[in-house]
1. Considering every residue within segment 101-111, establish whether at least one is in contact (Cβ under 8 Å) with a residue 60 or more places away in the chain, part of a strand (DSSP E or B) and among the charged types (D, E, K, R).
2. Quick one: in segment 33-82, of everything that is of a type in the set (K, R) and in a strand (DSSP E or B), which residue is least open to solvent (accessible area, probe 1.4 Å)?
3. Take the residues in segment 1-27 that are farther than 16 Å from V63 by Cβ and not in a strand (DSSP E or B), then tell me which one is modelled with the lowest pLDDT.
4. Return the residue satisfying two criteria in turn: it lies in segment 73-87 and is under 13 Å from the mean Cα position of the chain (by Cα) and of a type in the set (A, V, I, L, M, F, W, C), and of such residues it is farthest from G114 (Cα to Cα).
5. Out of curiosity, is L85 surrounded by 13 or more Cβ atoms within 10 Å (Cβ to Cβ) and in a strand (DSSP E or B)?
6. When segment 1-17 is examined, which residues are found to be open to solvent by 30 Å² or more (accessible area, probe 1.4 Å), over 23 Å from A109 (Cα atoms) and either among the aliphatic types (A, V, I, L, M) or touching a Phe, Trp or Tyr at 6+ places or on another chain (Cβ under 6 Å) (or both)?
7. Right, S30: open to solvent by less than 60 Å² (accessible area, probe 1.4 Å), part of a strand (DSSP E or B) and either in contact (Cβ under 8 Å) with a residue 60 or more places away in the chain or among the basic types (K, R) (or both) or not?
8. Looking only at segment 88-121, how many residues end up being open to solvent by 70 Å² or more (accessible area, probe 1.4 Å) and either within 12 Å of the chain's Cα centre (by Cα) or within 27 Å of Q13 (Cβ to Cβ) (or both)?
Amino acid sequence: QVQLVESGGGLVQPGGSLRLSCAASGSIFSIDAMGWYRQAPGKQRELVATITSGGKTNYADSVNSRFTISRANAKNTVYLQMNSLKPEDTAVYYCNADRVVTADRIVFAAWGQGTLVTVSS
């Protein structure tokens with residue numbers, strides 16, 4: 001069974017920074033893309049950023065140049081460095097792993113439980 005565990009959320013003032021981490025576990029051989037999504041109160045879940053196993057990144061326009069996604073393949077871990085945070089970045093942030101190859105199965109979409117980021121003064 002594949003598990004994704006996020007950490008690093010919390011309360012930060014506007015203009016501040018936070019770093020989210022997400023570690024995948026469960027006899028994993030490989031993971032294609034990993035990414036971060038977020039869901040603000042009353043809104044649909046939206047893509048924040050993704051990164052392939054080869055390091056190709058993709059960002060939502062709203063976070064481009066402020067957020068940086070990175071990945072440690074050997075640790076099955078993905079990070080999201082968030083700078084210049086705005087109140088509109090407040091949301092629950094979810095980690096996603098796409099096409100996870102394990103010892104006995106392929107999991108096409110695994111999700112973490114989410115971590116809350118609140119940007120407020």
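The values are calculated or read from the model by the stated rules, or taken from the named source; none is laboratory data. The structure displayed is predicted, hence computed values, not measured ones. Quick reminder, even Gly has a Cβ in these numbers, built from the backbone with ideal geometry, and neighbours come from all protein chains shown. SASA here: full protein model, heavy atoms, side chains in, ligands and nucleic acids out. Shrake-Rupley method; radii C 1.70, N 1.55, O 1.52, S 1.80 Å.
1. no
2. Ranking the candidates gives R38 first.
3. Q1
4. Only one residue tops the list, namely M82.
5. Considered against the rule, which asks whether it is surrounded by 13 or more Cβ atoms within 10 Å (Cβ to Cβ) and in a strand (DSSP E or B), L85 comes out as no.
6. Within segment 1-17, L11 is the sole residue that qualifies.
7. Taking the combined requirement at face value, the residue satisfies it.
8. 5
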